[in-house]
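Quick notes on the structure that follows.
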Amino acid sequence: MLITPVLLSPMPRFNPPLATVAEASDGTLLGARIADDGQWRFPPSGEVPEKFEKALLTYEDRWFRYHPGVNPVAVFRAMADNLKAGEIVRGGSTITMQVARLSQVNTSRTYSAKMSEMLSSLKLELFRSKKKILLMYADNAPFGGNTVGLEAASWRYTGKPSSSLSWAEAAALAVLPNSPSLIYPGKNQEQLKFKRDRLLKKLYELNYVDSLTLVLALDEPLPGEPKPMPARAPHLTDWLYINKRGQTIRTTIDHELQERATEILNSHQKKLEENNIFNSACIIVEVVTGNVVVYVGNSTLSETRLHGGDVDIIRSTRSTGSILKPFLYAGMQQSGDLLPNSLVADIPTRFQGFTPENFDMSYSGAVAASSALSQSLNIPAVRMLQQYNTDRFLNLLRRTGLTTFNKPADHYGLSLILGGGETTLWELTGAYASLSRVLNNFNRHRKYYREDFHEPIIFADGKTEEDKHEDAEPPYTASAIWLTYEALQKVNRPESETGWQYFSSGARLAWKTGTSFGFRDGWAVGTTPGYVTGVWTGNADGEGRPGLTGITAAAPLLFELSGLTNSEGWFEVPREEMTNITVCSLSGYRAGPDCPETVETLVCTTGLRSESCPYHHIVHLNNTRTMQVSSECYDPGEIVNESWFILTPAMEYFYRQKHTGYMVLPPFAPGCNSDKSIPVMEFIYPSPGVKIFIPRDQEGNLTRIIPEVAHRIPSRKIFWHLDDSYIATTRYLHHIEIVAGTGNHTLTAVDEDGNSIKCGFEVVINRSGLAQWGAGGGGGSSWR
């Protein structure tokens, strides 16, 4: 019986290497990478377009819908023609038989091979639908050169998907598999046109097209030589090739935004190249879903290709600079360790092996925490991290989704807040998007969900609707996030800077920049309730450049990109977990009993347990308010008790240089003992208990230490003693040079009024000659 050989015949199957295809959210082709065997063969498609199907069946197999896989009439006609010619000139193959032949490797054109094809075709028809068989043909038919399959052919020859083919294009592609080695676009055009036009006329005869369509189709030019595949997101396509090879991947990318963002980035890149800055990248994430709508992994300019243009910067780890400061600020707001405008010391600060400096190398003495954040001051940030604890901060970062910080806290130290660690633009932008999502969802549902913290989503089916799990202890609360975003809106936007004008002056954006040490990385991240935009600029090889800062190189690009996405309104205030408290108008701390002027400020409820103002004290003055007195040296009835804003001596020294209204505490009247509770001196360097590593100079001598003291009355003389031995006297400028040997030492400073302070420190000789900090605290670090 015939059924037995049919069942025993091989079932046509295809398992060839496939190209990797990246699609935008609407199916637009973003890019593709060729299959491992060098063929442009796209993964199987879901359907055959109607125009191509009609053209193909008209040309190849008009009775496809009716025969069982073999058309006896066509077979007998082919046998007669072949016998008459004395050679094989006609195959008589149906679409199904061609599928069977395509599934076999190196088949010969013999009668035995033809019989095998027939049996396999009959089996295929038994177990597969006509639609499936037609799909198998369309996906695996040769279309000339190294192009296999309809979809690849459509993009290669027409630059469009097969669903958008015209009748002329569909007809041209339908005739190619019949003789792909002889006729294909760009070769033997006359023969191709003859076959196409004859097919078009046949389609007209079958009433598939009308006369007008026929005339227009006949006048349409033939497809030209193969076109390059689209490259709308080349770095994303490369990443998909590595991670999803041989698949068609539908991404979340908005192809229109992608193209506009690429144009904007390349335009800015041309300006950056004038300073030998050759690389830049950007990513835009939708807040509500976490979907990535723009992914530009690097500039696509020709000059960029010569300087690491193939590097996907979005996935590359880079030094963070100060881009993490908002996460610390939010953590301290949430914990109640800090109020929005609490003063933070901004004075020369030195730690073992680490000397932070502000970007402009100046000191403010004291600055409001929110201003320190908006101005990206480094010293206040380091002091805040010291108060908050590095271990605690690292835990926050990891819970927020920043997985690249995978070493213990001791590895990073306090430099973590200034670029001592690395992250990727991918994770950084995702973390900011998670914060915005938490704030939006809390305002909407009054709840926190663990699922709100997740990395950006690039696959269109990457996140399905799922049950959300409430989070009783989220990494960040909505109130802390809102206060942080309020501070980040206050960053100045100089109109003179190129790019700022592209962002509507009425739009609101919470944004932060960062610059790594050595001017190697320029970061900028900004958020609205709808979208988060992340930008990086620099050189892929890590070369630093003067002027490569987040504010000058990355921020203008950030603002122009932010104008691409419309996000109306602003984040709602999460009032349910906030409260108004009375704070000191000068210190920003909770108002104490001695604070003369106060304001109401909206803070996290945890702010209720924050410290009260430590800077206002009641002082006793004479009746002219020019001298401090006491009841022991002045008529108690004449004493004026007044609240006075008193910073520490070191803070005061720098603070009054920028705040001319600051009132210095009057001196004590002659014969009156000073109030020891208010110090008049403070060591700026060294700090008590510090370990100082001293290198040797080029001649082998130990370099010197430069201690410094701040005095409320600089004109007072200070007498210096090292280990109880007098060494120097200073006035006005209170710093000296000393040489100290290995071991523990005590430095004592005594002023002419008898006030004294002491500082113990340890000196360690650095045998290698390299200082972890140099004499007087060298080895400074500046990030912004």
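The values are calculated or read from the model by the stated rules, or taken from the named source; none is laboratory data. Owing to the predicted nature of the structure, the values given are computational and were not obtained by experimental measurement. Glycine also receives a Cβ, built like all others from the backbone with ideal geometry; neighbour counts cover every protein chain displayed. The accessibility values were calculated without ligands, DNA or RNA, using every heavy atom of the protein model including side chains. Shrake-Rupley method; radii C 1.70, N 1.55, O 1.52, S 1.80 Å.
Output the number of the condition that P679 fails; it satisfies all remaining conditions of (1) free of Cβ contacts under 8 Å to residues at least 24 places away in the same chain; (2) in contact with a helix residue (DSSP H, G or I) (Cβ under 8 Å, 6 or more places away or on another chain); (3) open to solvent by 50 Å² or more (accessible area, probe 1.4 Å).
(1)
Here is a yes/no grid of residues against (1) open to solvent by 30 Å² or more (accessible area, probe 1.4 Å); (2) out of contact with any Leu (no Cβ under 8 Å at 6 or more places or on another chain); (3) aromatic (F, W, Y):
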residue: E190; (1), (2), (3): yes, yes, no
residue: D197; (1), (2), (3): no, no, no
residue: K201; (1), (2), (3): yes, no, no
residue: S211; (1), (2), (3): yes, yes, no
residue: L214; (1), (2), (3): no, no, no
residue: L218; (1), (2), (3): yes, no, no
residue: P221; (1), (2), (3): yes, yes, no
residue: Y241; (1), (2), (3): yes, yes, yes
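Here are some residues: S154, S163. Which one is open to solvent by 10 Å² or more (accessible area, probe 1.4 Å) and part of a helix (DSSP H, G or I)?
Only one candidate passes the filter, namely S163.
Of all residues in region 185-221, how many are at pLDDT below 90 and over 16 Å from L56 (Cβ atoms)?
Final tally of qualifying residues: 7.
Please indicate, with yes or no, whether at least one residue in region 766-781 is assigned to a strand (DSSP E or B) and at pLDDT 50 or above.
Checked against the condition, which is being assigned to a strand (DSSP E or B) and at pLDDT 50 or above, region 766-781 yields no hits at all.
Look at E632 and say whether it is over 30 Å from T598 (Cα atoms), acidic (D, E) and open to solvent by 30 Å² or more (accessible area, probe 1.4 Å).
Taking the combined requirement at face value, the residue satisfies it.
Results for (1) under 24 Å from A591 (Cβ atoms); (2) of a type in the set (A, V, I, L, M), shown as yes or no for each residue.
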| residue | (1), (2) |
| --- | --- |
| T624 | no, no |
| M627 | no, yes |
| Y655 | yes, no |
| K676 | no, no |
| A710 | no, yes |
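If I filter region 392-411 down to residues being over 21 Å from the mean Cα position of the chain (by Cα) and of a type outside the set (A, V, I, L, M, F, W, C), which single residue comes out as modelled with the lowest pLDDT?
The residue in question is D410.
Give all pairs with beta carbons closer than 6 Å in which a residue from region 345-362 that is at pLDDT below 90 meets a residue that is basic (K, R) and open to solvent by 20 Å² or more (accessible area, probe 1.4 Å); count only pairs at least 6 apart in sequence or on separate chains.
Q352/K691; F359/R784
Can you confirm whether region 687-709 contains a residue that is modelled with pLDDT of 85 or more, within 30 Å of H620 (Cβ to Cβ), in contact with a helix residue (DSSP H, G or I) (Cβ under 9 Å, 6 or more places away or on another chain) and of a type outside the set (F, W, Y)?
Yes, because at least one residue in region 687-709 is modelled with pLDDT of 85 or more, within 30 Å of H620 (Cβ to Cβ), in contact with a helix residue (DSSP H, G or I) (Cβ under 9 Å, 6 or more places away or on another chain) and of a type outside the set (F, W, Y).
Which pairs do you get when a residue that is among the hydroxyl-bearing types (S, T, Y), found in region 401-414, comes within reach of a residue that is not in a loop (DSSP other than H, G, I, E, B), reach meaning Cβ atoms under 6 angstrom, with the pair 6+ apart or on two chains?
Within 6 Å, the pairs are T404/E422; T404/T423.
So is E225 assigned to a helix (DSSP H, G or I) and of a type in the set (D, E, K, R) or not?
no
Scan region 4-41 for residues that are in contact with a Leu (Cβ under 9 Å, 6 or more places away or on another chain) and of a type in the set (A, V, I, L, M) and report the count.
Adding up the residues that qualify gives 9.
Taking into account only those residues within region 537-561 that are part of a helix (DSSP H, G or I) and under 14 Å from the mean Cα position of the chain (by Cα), which is surrounded by the most Cβ atoms within 10 Å (Cβ to Cβ)?
A554
All but one of (1) without any contact (Cβ under 8 Å) to a residue 40 or more places away in the chain; (2) over 22 Å from T582 (Cα atoms); (3) in contact with a helix residue (DSSP H, G or I) (Cβ under 9 Å, 6 or more places away or on another chain) hold for V367; which doesn't?
(2)
Considering only residues that are among the aromatic types (F, W, Y), open to solvent by 30 Å² or more (accessible area, probe 1.4 Å) and at pLDDT 90 or above, which ones fall in region 43-89?
Y59
Among the residues in region 373-391, are any touching a helix residue (DSSP H, G or I) at 6+ places or on another chain (Cβ under 7 Å), assigned to a loop (DSSP other than H, G, I, E, B) and either modelled with pLDDT under 95 or open to solvent by 20 Å² or more (accessible area, probe 1.4 Å) (or both)?
Checking region 373-391: at least one residue is touching a helix residue (DSSP H, G or I) at 6+ places or on another chain (Cβ under 7 Å), assigned to a loop (DSSP other than H, G, I, E, B) and either modelled with pLDDT under 95 or open to solvent by 20 Å² or more (accessible area, probe 1.4 Å) (or both).
Please go through region 392-408 and give me each residue that is surrounded by 14 or more Cβ atoms within 10 Å (Cβ to Cβ) and within 14 Å of G420 (Cβ to Cβ), ordered by number.
Across region 392-408, the qualifying residues are F393, L394, L397, L402, T404, F405.
Every residue, every condition in (1) buried (at least 21 other Cβ atoms within 10 Å of the Cβ); (2) modelled with pLDDT under 95, yes or no:
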{"residue": "G419", "(1), (2)": "yes, yes"}
{"residue": "E427", "(1), (2)": "yes, no"}
{"residue": "S434", "(1), (2)": "yes, no"}
{"residue": "E465", "(1), (2)": "no, yes"}
{"residue": "E473", "(1), (2)": "no, yes"}
{"residue": "A480", "(1), (2)": "yes, no"}
{"residue": "Y485", "(1), (2)": "yes, no"}
{"residue": "T498", "(1), (2)": "no, yes"}
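Give region 711-728 a look and list any residue that's open to solvent by 60 Å² or more (accessible area, probe 1.4 Å) and either among the β-branched types (V, I, T) or not in a strand (DSSP E or B) (or both), or say none.
D723, D724, I727, listed by residue number.
Any chance you could count how many residues in region 634-670 are among the aromatic types (F, W, Y) and more than 16 Å from R712 (Cβ to Cβ)?
Count: 1.
When you scan region 223-236, do you find a residue that is farther than 27 Å from F571 by Cα, of a type in the set (K, R) and crowded, with 19+ Cβ neighbours inside 10 Å, even just one?
There is at least one residue in region 223-236 that is farther than 27 Å from F571 by Cα, of a type in the set (K, R) and crowded, with 19+ Cβ neighbours inside 10 Å.
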